[in-house]
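Contents: one structure, followed by commentary.
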Amino acid sequence: MRTTRRALTAVVSAAALLVAAACSTTEDDPATSTVEVFTWWAEGGEKDGLDALVARFGTGCPGQSFENGVVAGGAGITAKQVLADRLRQGDPPDTFQVHAGAELLDHIDSGQVADLSAEFDAWGLRTALPAGLIETLTVNGRVWSVPAGVHRANVVWANERVLAAAGIRTVPANLDEFVRDLETLRGSGVESPLALGRDWTQLMLLEAVLISGLGPERFTGLFTGETRWDSAPVTAAIGDYARVITFSNTDRNSLDWPQAQRLLVDGTAGYQLMGDWMAADLAAGFDTFAFPGNGTAFQWLADSFALTSAAANPEGARCWLRTVASPEGQREFNARKGSIPARTDTATTGFTDYQVEAAKDWRSGVPVPSCAHGSACSQPWQNAANAAVAAFSVSGDRISLQAALTAAAKQFIRQQ
Ligand code: GAL
């Protein structure tokens, strides 16, 4: 384990280190040849995507070896806490997964990540990435992470067999029709027709309902201060959200997204709202559509990698970042991950029909950021929003939910 090794290194005397170096000249020196890459991609399509990058890193970065600093848990719910502790304790990985956008702000403020502006220029990323994404990655005039791919969050996945058995043959055009279909499913014996998981997956659902209620522009304004969280449209959307989650499984707070996905796959549920990392895991028999009422809103998030400012092996980490940024790395990673390349010049060979459609929607849709996945809000804000929806899941108290979300916005809003 990296942590243990580094902790040990700190207490071993300089003399002992010299002896060790003299005695084992052939042994790998972790400080110079190992790159610890910290992610939350531990299984399924997420791991497949990571493995594709690791293979390319292996051939493109001779003399460097990959060290897997993975901490499981969807959306990095556990990994981000572990990372924060390690950064605070001066035990950083060399590079870590982070969402492009506001999620990076606190790391930048605390000087934990290195400026990658020169690498962006040298690697031609200023022309290869969409201008809007570069703008999101730029804080104080500098770029702080390298994007690997773009996911869409506001997607509903439907089990065609379950829907057909209940006589549902059309895609719901709005929230009322969606609720009508959920009622039909329940009437046909599907007790919990909407598969749902813990806090962050509930925040995703609330955000999708808010997009339907407020529209993309006013929704985005919730994170810039232009839209008030204590306004009547938000109250109405929270009412809709409360109605929708009555159709979900009651054990939701104890499930991560793959377990909720299992409810969809085995037919216990008919629908699940989840980002399109699902595309990497679902075979035929599942339909997808944008959350009812979201129109052409493309709620985006971009996985990216940052270089820690105290990295033990910055050169190796730069080679990892270069791999992530390369057209081949992006093609191989995204083909397996279900996402689309952040670069606009990457071949789509090996991509599914879903991904080809998603790439088109990304070009033509209305981009909307996500708080659950860090493009819209900072990490402390996201933590507060996750806590608010998790509490609501137990209490059902709408007034407290709106008050908690209003308070979080007030506390954490900043010029982003
Ligand atoms: C997101 C991340 C995706 C996927 C998902 C589920 O936050 O951006 O790449 O990993 O979590 O774990």
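The values are calculated or read from the model by the stated rules, or taken from the named source; none is laboratory data. Note that the structure is predicted; figures quoted are calculated from it, not measured. Don't worry about glycine lacking a Cβ; one is built from the backbone with ideal geometry, like all the others, and counts go over all protein chains shown. Quick note on the areas: whole protein, heavy atoms, side chains included, nothing else; ligands and nucleic acids left out. Shrake-Rupley method; radii C 1.70, N 1.55, O 1.52, S 1.80 Å.
Brief remarks on what is shown
- Cross-link partners of residue 47 among lysines (Cα-Cα below 16 Å; sequence separation of 8 or more within a chain): 337
- Per residue, the accessible area of the stretch 303-416 comes to 42 Å² when a 1.4 Å probe rolls over the protein heavy atoms.
- Averaged per residue, the stretch 60-160 has 35 square angstrom of accessible surface, using a 1.4 angstrom probe with ligands and nucleic acids left out.
- C-alpha center-to-center spacing [the stretch 314-359, the stretch 70-133] in angstrom: 17
- Largest GNM mean-square fluctuation among 347, 260, 102, using the chain with Cα springs under 10 Å: 347.
- Computed with every protein chain present, the accessible area of residue 303 is close to 10 Å² [probe 1.4 Å].
- Within the accessible area of the chain (1.4 Å probe), percent carbon and sulfur: 54
- The Rg/Rh ratio of the chain, with Rg taken over Cα atoms and Rh as the Kirkwood radius over Cα pairs, comes to 0.99.
- Length-normalised contact order of the chain in % [C-alpha pairs under 8 Å, at least 6 apart]: 28
- Surface accessible to a 1.4 Å probe, residue 47 within the full protein complex, Å²: 80
- At q = 0.18, 0.22 Å⁻¹, base-10 log of I(q)/I(0) for the stretch 143-187 (Debye sum, equal scatterers on each alpha carbon): -0.61, -0.80
- Within a Gaussian network of the chain (alpha carbon springs, distance under 10 Å), most fluctuating of 53, 194, 255: 255
- The stretch 271-416 shape via C-alpha gyration tensor axes, a/c threshold 1.5: oblate
- Sparsely packed GluC sites (Glu not before Pro) within the stretch 280-350, loop by DSSP, other Cβ within 10 Å at most 14: none
- Cα-based helix-to-principal-axis angle, 314-325 vs the chain, degrees rounded to 10: 40
- Computed lengthening from residue 394 to residue 89, 0.36 nm per intervening residue step minus Cα-Cα distance: 106.3 nm
- Angle of helix 327-337 to the longest C-alpha principal axis of the chain, folded into 0 to 90 degrees and rounded to 10: 50°.
- Angle of helix 398-412 to the longest C-alpha principal axis of the chain, folded into 0 to 90 degrees and rounded to 10: 30°.
- Calculated FRET efficiency, residue 183 to residue 126, Cβ-Cβ distance, R0 = 45 Å: about 0.35 to the nearest 0.05.
- Across all directions, the shadow cast by the convex hull of the stretch 206-265 built on its C-alpha atoms averages 5.0 square nanometres.
- Inter-site label distance for residue 262 and residue 387 at 7 Å from Cα along Cβ, in nm: 3.0
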